[in-house]
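Heads up, the thing below is written out as structure tokens.
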Amino acid sequence: MAPPDNNGMPTHSDPETAIHAVKDFMLFMRWMYDLPTWLLGLLVVGLFVGLTLLGLRFFHSRLHRSALATLIDNGTVGWFFSGISLLYGLTLGLLTVATWGNFTESAAIASQEAASIAALYRDLAGYPVGQQAVLKAELRDYTRFIIEKSWAAQRQGKINDNENLVLETFQNDLLTTDLANNEHQALHAEALRMFNNMVELRRQRIESIGGSVPGVLWSVVLLGALATLGSSFLFSVQNFGLHAAMAGLLAAMVGLLIFLIIALDHPYWGEVSVTPEAYQRVLSNVMVR
């Protein structure tokens, strides 16, 4: 077992290797989650609008200088455009609902884990005074570690392995507790059940740090955006400003939805993320005695 630090918490033998990044194909884009939410949204929407207007500028003049302009039937083009945009809109909508569901599930896991810690802490109140004080102090250290150290690493897409060392200290003392009478043994069995539940929820939280939309879905989203926005260039509109306004609004809407998916895609990354508020309430309201 590693020696305790100044807060009574064990530390990894090499602090640099105690924190490591999760395995996630989006990790190379994690810098986006360091940006303020408004700036990220502005960049994503601006990128889609800018590229769309550039593409339209290139395509519009060439289309109307060619003989194809006289052959285009806006009604036929509109029919195909409606089909493409409808299918793409459904794809984005379903993906947005899925990412929101993943986000709320991750928030629920954190809340349930905090509730399990609170319940376990209350169970410890029935232990003999000496053992109770030690176990309660170690559980407080573990909760404080999650709030102050683990959460900061999670927002960076990383896992702090020292959290497991802190938990092992508590686990070893809990499992080696010697209780004489049957009343204490029944309480100990309930505490062990709650501890196992807490460990399972912790595992789910850590797995959620690297959870994201699969790469194949991002390919569909980006290729679908290209097809949808590109098909808007095929309308025959003599006035470029009017055509640019309509295409720009479409691109802005697509960009907003993709920004929303990006923001919700990793529930523990960045500014729009699950907070440690539930753990802080347990530490402040339950672990005060």
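The values are calculated or read from the model by the stated rules, or taken from the named source; none is laboratory data. All figures in this text were calculated on a predicted structure; none of them were measured in a lab. When we count neighbours, we look across all protein chains shown, and the Cβ atoms used for this are built from the backbone with ideal geometry, even at glycine. Just so you know, the surface numbers come from the protein's heavy atoms only, side chains and all, with ligands and any DNA or RNA stripped out. Shrake-Rupley method; radii C 1.70, N 1.55, O 1.52, S 1.80 Å.
Quick notes on this one:
- Evaluation of Glu16 against the conditions (1) open to solvent by less than 70 Å² (accessible area, probe 1.4 Å); (2) modelled with pLDDT under 80; (3) not hydroxyl-bearing (Ser, Thr, Tyr) shows that the sole unmet condition is (1).
- Restricted to the range 181-213, and to residues there that are surrounded by fewer than 17 Cβ atoms within 10 Å (Cβ to Cβ) and of a type in the set (D, E, K, R), the residue that is farthest from Thr99 (Cα to Cα) is Glu183.
- Meets criteria (in contact (Cβ under 8 Å) with a residue 12 or more places away in the chain, part of a loop (DSSP other than H, G, I, E, B) and not hydrophobic (A, V, I, L, M, F, W, C)) for Thr177: yes
- For the range 121-145, the candidate set comprises residues that are closer than 19 Å to Leu165 by Cα and basic (Lys, Arg); within that set, the residue that is farthest from the chain's Cα centre (by Cα) is Lys136.
- Remark: Leu94 matches the filter, which requires a residue to be assigned to a helix (DSSP H, G or I), modelled with pLDDT of 90 or more and either open to solvent by 60 Å² or more (accessible area, probe 1.4 Å) or under 17 Å from Arg289 (Cα atoms) (or both).
- Flag for Glu163 being under 15 Å from Leu283 (Cα atoms), touching a Ser or Thr at 6+ places or on another chain (Cβ under 9 Å), surrounded by 15 or more Cβ atoms within 10 Å (Cβ to Cβ) and among the acidic types (Asp, Glu): no
- Residue in the range 102-124 that is charged (D, E, K, R) and within 17 Å of Thr275 (Cα to Cα) present: yes
- The C-beta contact set for the range 32-50 (first residue touching a residue at least 40 places away in the same chain (Cβ under 8 Å) and surrounded by 17 or more Cβ atoms within 10 Å (Cβ to Cβ), second residue assigned to a helix (DSSP H, G or I) and hydroxyl-bearing (Ser, Thr, Tyr), distance under 8 angstrom, 6+ apart or interchain) comprises Leu40/Tyr33.
- Against the criterion of being out of contact with any Pro (no Cβ under 8 Å at 6 or more places or on another chain) and in a helix (DSSP H, G or I), Gln156 does not qualify.
- Counted residues, the range 97-120 - those being crowded, with 21+ Cβ neighbours inside 10 Å and over 26 Å from the mean Cα position of the chain (by Cα): 1
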